[in-house]
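Accompanying notes for the structure given below.
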Amino acid sequence: ERAGLDFRMQHVPVAHVSGIVVSPEGQPVPSAAVVRGFKQTAPLLAEFGLASLDRTLADGTFSIGAATPSGEYTIFVRAAPGGGATGNPGRGNGASAAPLTLWGLSDFVVTDQDVSGLVIQLQPGMSVSGRIVFADSVSPPPADPTKVQLLLRPARNLPSTFNLSPATVTPDLTFKFDGAGPGAYRLSASVPSIPGSANNWRVSSVTLNGRNVLDFPLDVRPNENISGVVVTLSDETTGLSGTLVDSTGQPTPQFYLLAYPVDKRYWTQDSRWIQLTRADVKGAYAITGLPAGEYYLCALTEFDPAEQYEPDYLEQLVSASIKIALKDGEVQKQTLRVGG
C-alpha cells in the first residue's frame, strides 16, 4: 500500500474550437466526423493523445470545447463522398465503418483564447494495395482466397468511425484498401479454418519494400498511395512447450511462464512477441504462435497483467530468464528448473 499521494487541483480556463468543414469543391459538409487530439512529436495521426469526437452541423460547422490552454492540437475530419459519415461513432477499434474516402487535417495552438474560423477542406483518401502469399506448407491454401479478410486499423485509440472497411481480396490474391486518411495503421488478417486441417493459417509477416510493417505501424502520408505490400500467411506453428520442475526434478505446478523477445524493439503494447501462460497441475506448459527469433523465458510465482508489456518490468526479469532461439515451424521442448 502507498499513502500520501496528494493532488493539487485548480480552476483553469478552457478554450472552445470552432470552424467549418468544406468539400474539395468548397461546399459545406454536414455530419462529417471531427476528432480533436493532442499533437505530440509527429505530424501524423499516430501521435494522437486522448481524442474528442464531434460531428459537423447541417451548415458544415463544428464546435469542440474543453481544450486546455497552452497546448498543440490537431483536428482530423472524416467524411463519405457527397458529405456525411456513417458507422458507429463510439471509441475504440471495433467493427469497421464505411470507407474513409474524404479527409481533412488542421493543426492549431490553444493559448488563453477561443480558436475560431478554422476552415478544413476535405481531400480524397489514399489507397493501400498489395498481394497475399501463402507460404509453403503441408496444408493447401483456402479454395476461395476472397474469403481472407484484411483489416487496416489506426494504430492509436480512435473512434471506430475512423476504421476502414475490410480490403477486397481478388482471386489472384491481390488486395486494395481505398480512402485511408493520413496516419499510422496496423494491418491484420483472418483466414477461415479449413475443415479437416489440423493447422490454421495466420499472418507470419507483412512487408513493404522489405520493411516489417506487421510489428511496426504502416505510415500513410497525405497524397501518397501505397502499393507493394506483401502479406505472407503460414500454417506452421512456432512456440514452446515443456515442464517446470523443482531442484529435485519433480514437476512444479501453477507457475506463470512469460516469453518475451531479446530484441527490445518488440517490447511494445500488445506485442505478438510477448506471451504469457500458466503451467497446469502437472507443471506442463505450452506457448504457441510466437514469431521466429530469440527469446527470454521466465517463470514467475505471481504476475500483474498490467506490467506484461512494460519495458522497465521486462528489464528486471532478464537476469532471472533463460535465452532460447526459435525457428519457423519449430515447437521447442524446454524443461525449466525453478527454485534451489
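The table below gives the values:
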{"read-out": "Candidates Phe177, Phe134, filtered to the one that is at pLDDT 80 or above, among the aromatic types (Phe, Trp, Tyr), open to solvent by less than 50 Å² (accessible area, probe 1.4 Å) and more than 20 Å from Leu218 (Cβ to Cβ)", "value": "Phe134"}
{"read-out": "Pairs with Cβ under 8 Å, 6+ apart, first in the range 320-340 and without any contact (Cβ under 8 Å) to a residue 24 or more places away in the chain and outside any strand (DSSP E or B), second of a type in the set (A, V, I, L, M, F, W, C) and open to solvent by less than 40 Å² (accessible area, probe 1.4 Å)", "value": "Ala320/Cys298"}
{"read-out": "Pair list, Cβ under 9 Å, 6 or more apart: the range 229-244 residue under 19 Å from Leu187 (Cβ atoms) and open to solvent by 20 Å² or more (accessible area, probe 1.4 Å), other residue among the small types (Gly, Ala, Ser) and at pLDDT 95 or above", "value": "Val230/Gly130"}
{"read-out": "Check on Thr248, under 23 Å from the mean Cα position of the chain (by Cα) and more than 30 Å from Phe76 (Cβ to Cβ)", "value": "no"}
{"read-out": "Residue within the range 262-277 that is free of Cβ contacts under 8 Å to residues at least 40 places away in the same chain, open to solvent by less than 30 Å² (accessible area, probe 1.4 Å), touching a helix residue (DSSP H, G or I) at 6+ places or on another chain (Cβ under 9 Å) and not in a loop (DSSP other than H, G, I, E, B) present", "value": "no"}
{"read-out": "Extreme residue, surrounded by the fewest Cβ atoms within 10 Å (Cβ to Cβ), among residues of the range 245-261 that are within 15 Å of Gln334 (Cα to Cα) and among the small types (Gly, Ala, Ser)", "value": "Gly249"}
{"read-out": "Single condition Leu214 does not satisfy, out of (1) modelled with pLDDT of 85 or more; (2) open to solvent by 40 Å² or more (accessible area, probe 1.4 Å); (3) not in a strand (DSSP E or B)", "value": "(2)"}
{"read-out": "Selection within the range 293-340 - open to solvent by 90 Å² or more (accessible area, probe 1.4 Å), over 17 Å from Thr243 (Cα atoms) and over 24 Å from the mean Cα position of the chain (by Cα)", "value": "Glu302, Gln316, Ser319, Lys327"}
{"read-out": "Search result, residues across the range 26-76 that are polar (S, T, N, Q), at pLDDT 80 or above and not in a loop (DSSP other than H, G, I, E, B)", "value": "Thr61, Ser63, Thr74"}
{"read-out": "Options Thr232, Thr207, Thr248: the member that is touching a strand residue (DSSP E or B) at 6+ places or on another chain (Cβ under 7 Å), among the polar types (S, T, N, Q) and farther than 18 Å from Pro142 by Cβ", "value": "Thr207"}
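The values are calculated or read from the model by the stated rules, or taken from the named source; none is laboratory data. What you see is a predicted model, and the numbers here were worked out from it, not measured in a lab. A quick note on method: Cβ atoms are made from the backbone with ideal geometry, for glycine too, and the neighbour counts reach across all protein chains shown. Ligands, DNA and RNA are stripped out before the accessible areas are found, and what is left, the full protein with its side chains, is counted by its heavy atoms. Shrake-Rupley method; radii C 1.70, N 1.55, O 1.52, S 1.80 Å.
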